[in-house]
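Note sheet for the following structure.
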Amino acid sequence: MTQLALVIDLNVCVGCQACVTSCKEWNTSGAAGFLSDDNPYGKDPTGTFLNRVQTFEVGEYPNTQTVHFPKSCLHCEDPPCVPVCPTGASYKRAEDGIVLVDYDKCIGCKYCAWACPYGVREVDEHQKVMKKCTLCVDRIYDQELPPSDRKPACVMACPTSARLFGDVHDPESEVSKAIRENAGYQLMPEWGTHPANHYLPRRKQELKIHDDALERVDNPLKIDGKLPRPGVREPALDDVTTW
Amino acid sequence: MRPAFSVILLTTLIGVGQGLFLALFSVEVLARIGVLEPPAAPGFYPVASAIALAFLVAGLVASFFHLGRPERAWRAAAMWRTSWLSREVIVLPAFMGCVFLYGLGHHLGWPSQPLVAGIDATLAIGAFGTVLCLLLFLCTGMIYACLKFLPEWHTPLTVINYLAFGCASGLMLAAAYAGIVEPGLARFLAAWAVWFTAVALVTRVASLIRNGRLRPRSTLQTAIGVKHPRIVQSSQGFMGGSFNTREFFHGRPEAFLRSVKWSFLVAVFPVPLALLGTGTLAASPALVAAAFVVQYAGLLAERWFFFAQATHPQNLYYQRVA
């Protein structure tokens, strides 16, 4: 069974909001109709977005970290929003695990939003139906696009490649490897929703350079000479600039 | 959660209609088995059924204001296998049909033609309606009780409270109605209104105590998956509002919530009981009617508080506008 999902690397996300604008641009221009905005330049702007990037401060000054946290529908394996829908407008596709809303069946009762602990469903205030991330279902299967472009708009936009897209049920996929090798985790595991989207945690990254990375110790052809070591008395760059 | 007035009206209005129907059918059953004197007033059952139906219709109309696309409401009957909301959408009109037929049967004098073994048409319709009525209480309550992310609602007490409040307010209305058209029944119905109001007091206070002790299962740590004990949101990702900042926050200070709680505790329980008691003893239907009106107003506050008290875990993600 295929389960398409995003894997979001919090270690890499810089909070640039490119995925937010790219998502909005793609999904407001599609066949499903616009994503409403009201007073975009006015006093109290509001609008429907399928993806948000939030920022959290972890720790106490001065030992703090800023965590940028992109949040969109997690396409749960056991989505609580689907069984509560009275019309069947909210459904999970069997073939690829994407949770979708049929905008022609939705009555706008907002019950699915109540049933989602992640707050990733937003009512469109003008179309009066529930909107949510579709994993760009109108893009990822588009045969007109070159295969490298058949990815969600947010993934295409990310300048730091913090967003990976693929099948989390395929153990050899890029996303499964990323989850496995970088301790990928799910949000709010306490509710048993089994989100398909995973997050990769912040990781300590230290660059440790050993001598043999600078000099080839094995020197197979015996051609490399040793690098000249600076004399103890010779000025270093630091001394030059601090004269 | 932000209290939705359409849903507050729906749940309180159909509660009254359901309670009134249950009171009515209980009177008929008790009269048939000889516990009560049969009501002598002509049109006792049809008029009361019409009143109950009016409350149910008003609740149904109110519910349409909750929908973004009311013209598609018929689709809501589709997913009855999984959705309590869908089940309610089916049971409510079915129950309304039963109430209508029950009143019509009494109006046309169907009781005089027994079907089988002493069970005549109105008794059969009433029994079927009672089952649907109890199912409707179950559906309405389970719409909220089935949402496990909202721990304030995720308890059998939610269903029990809907049942107790519906019966109490319906019996209160039945007592006022009987006081006007059938004084012989007023005392009996008033006594049962007192009982159900007392039961509602016990179950509602139990749920208030329970909810006061709840600790949220989701925290910022589980919400973003960072284990550090100190996490503060510095931006929710946008400067303006959104559906998420409106639908899930009541936006009132804690003191306002407390005042609503005490208002409904006063307006639903002691005041109507005092008015009901005085009105019944003084044989004054006006006072009993006042008891119903005060209790219904209190129930609006109770339902408002029911929504406002529930804290949705998604609120963890929407703490700081920046």
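The loop-placed trypsin sites (Lys or Arg not before Pro) in region A:29-115, going by DSSP, that have at most 16 neighbouring Cβ atoms within 10 Å of their Cβ come out as A:LYS43, A:ARG93.
Report the extension gain between B:ALA198 and B:ARG320 in nm, rounded to one decimal, defined as 0.36 nm multiplied by the number of residues separating them, less their alpha carbon distance.
Numbers: separation 122, 0.36 × 122 = 43.92 nm, distance 4.29 nm.
Value of the extension gain: 39.6 nm.
Dividing the helix sum by the residues of chain B, where each DSSP H run of 4 or more adds -39500 (n - 2.57), gives a mean residue ellipticity at 222 nm of -23000 deg cm²/dmol. Other protein chain C-beta atoms within 10 Å of residue C-beta, averaged over A:36-45: 2.
Looking at region B:36-86, which chymotrypsin sites (Phe, Trp or Tyr not before Pro) are in a loop (DSSP not H, G, I, E or B) and have at most 13 other Cβ atoms within 10 Å? Don't skip to the end; give the middle numbers.
Numbers: sites: B:PHE44, B:PHE55, B:PHE64, B:PHE65, B:TRP74, B:TRP80, B:TRP84; in loops: B:PHE65, B:TRP80.
Listed in order of number, the matching sites are B:PHE65.
Full-extension gain between A:ALA213 and A:TYR41, please, as 0.36 nm times their residue separation minus the C-alpha to C-alpha distance.
Numbers: separation 172, 0.36 × 172 = 61.92 nm, distance 5.47 nm.
In short, 56.5 nm is gained.
Taken about its Cα centre, the protein assembly as shown carries a charge dipole of about 1100 debye when Lys and Arg each add +1 at the Cβ and Asp and Glu each add -1 at the Cβ.
Distance between the C-alpha centers of region B:301-322 and region A:72-104? Whole Å please. Value for the Cα centre distance between the two parts: 24 Å. Distance from the Cα centroid of region B:33-90 to that of region B:262-286 is 26 Å (rounded to whole angstrom). Contact order, relative form, for chain B: 24 percent (alpha carbon pairs under 8 Å, 6 or more residues apart, mean separation divided by residue count).
Would you calculate a helix-derived [θ] at 222 nm for chain A, using -39,500 (n - 2.57) for each DSSP H run of n ≥ 4 and dividing by the full residue count, to the nearest 500? Provide the component values of the computation, followed by the final result.
Details: 8 runs with 45 residues, N = 243.
About -4000 deg cm²/dmol.
Have a look at the DSSP beta bridges in chain A and tell me what percent are antiparallel, nearest 5. Display every interim value, and only then the final one.
Values: 23 of 26 bridges.
Bridges in chain A that DSSP calls antiparallel: roughly 90 percent.
Across peptide B:302-313, the average count of Cβ atoms from other chains found within 10 Å of a residue's Cβ is 1. Here A:THR66, B:THR158 are placed in order of increasing Cβ neighbour count within 10 Å, fewest first, which gives A:THR66, B:THR158. A compact globular protein would have a Cα radius of gyration near 2.2 N^0.38 Å; the ratio found for the protein assembly as shown is 1.28. Between region A:15-65 and region B:181-229, the alpha-carbon centres lie 38 Å apart. Rounded to 0.05, the FRET efficiency of the B:THR82 and A:VAL232 pair, given R0 = 60 Å and the Cβ-Cβ distance, is 0.15.
Averaged over the residues of peptide B:241-253, the number of Cβ atoms from other protein chains lying within 10 Å of each residue's Cβ is 4.
What is the calculated FRET efficiency for B:LEU281 to A:GLU144, with r their C-beta to C-beta distance and R₀ = 60 Å, to the nearest 0.05?
Values: r = 82 Å, r/R0 = 1.36.
FRET efficiency, B:LEU281 to A:GLU144: 0.15.
What translational diffusion coefficient, to the nearest whole µm²/s, does region B:5-318 have by Stokes-Einstein, given a Kirkwood radius computed over alpha-carbon pairs, a temperature of 10 °C and 1.306 mPa s viscosity?
Working: Rh = 21.1 Å.
The calculation lands on 75 µm²/s.
Read-outs throughout are calculated quantities, based only on the coordinates presented, and are distinct from any laboratory measurement. On a predicted model such as this, the values are computed, not experimentally measured, just so you know. All Cβ positions, glycine included, derive from the backbone under ideal geometry; neighbour counts span all protein chains shown.
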